[in-house]
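I have placed the structure first, in the form of structure tokens, so that the comments after it can refer back to it.
No lab work stands behind these numbers, since they all come straight from the coordinates. Predicted, not measured: the structure shown is a model, and the values here were computed from it. Counting neighbours? That spans all protein chains shown, and the Cβs are built from the backbone with ideal geometry, glycine included.
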Amino acid sequence: MFGLSFGEIFIIMVIAIVFLGPEKLPGAIKGFAKTIKDIRLGLYQLKRSITEDEELKSLRDEFIEEDLIEENELPSNTGKNKK
């Protein structure tokens, strides 16, 4: 998963059991799994947002190139506020 071998994962689990105890370990694992899930979801959403922004920019450039719209009809920085 993170480039860890079975032996390394086993050592980490033994250390976790020693420090957390068998009662708190399931909750800690659930919390860790939820954090990883939230990070993956956030990265997916960021990647999707960047991809959509790039697609919109290329579509805007195509419209300008084909003279379907004027360059000043659409904001040049989509999603960004100008001051």
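Observations on the model:
- Taken over the range 6-70, the percentage of Cα pairs per 10 Å bin, counting from 0 up to the bin with the maximum distance, is 18, 23, 18, 14, 12, 10, 6.
- In the range 1-52, taking the dipole from charged Cβ atoms about the Cα centre, the farthest positive-side position among Thr51, Ile39, Leu4 is held by Thr51.
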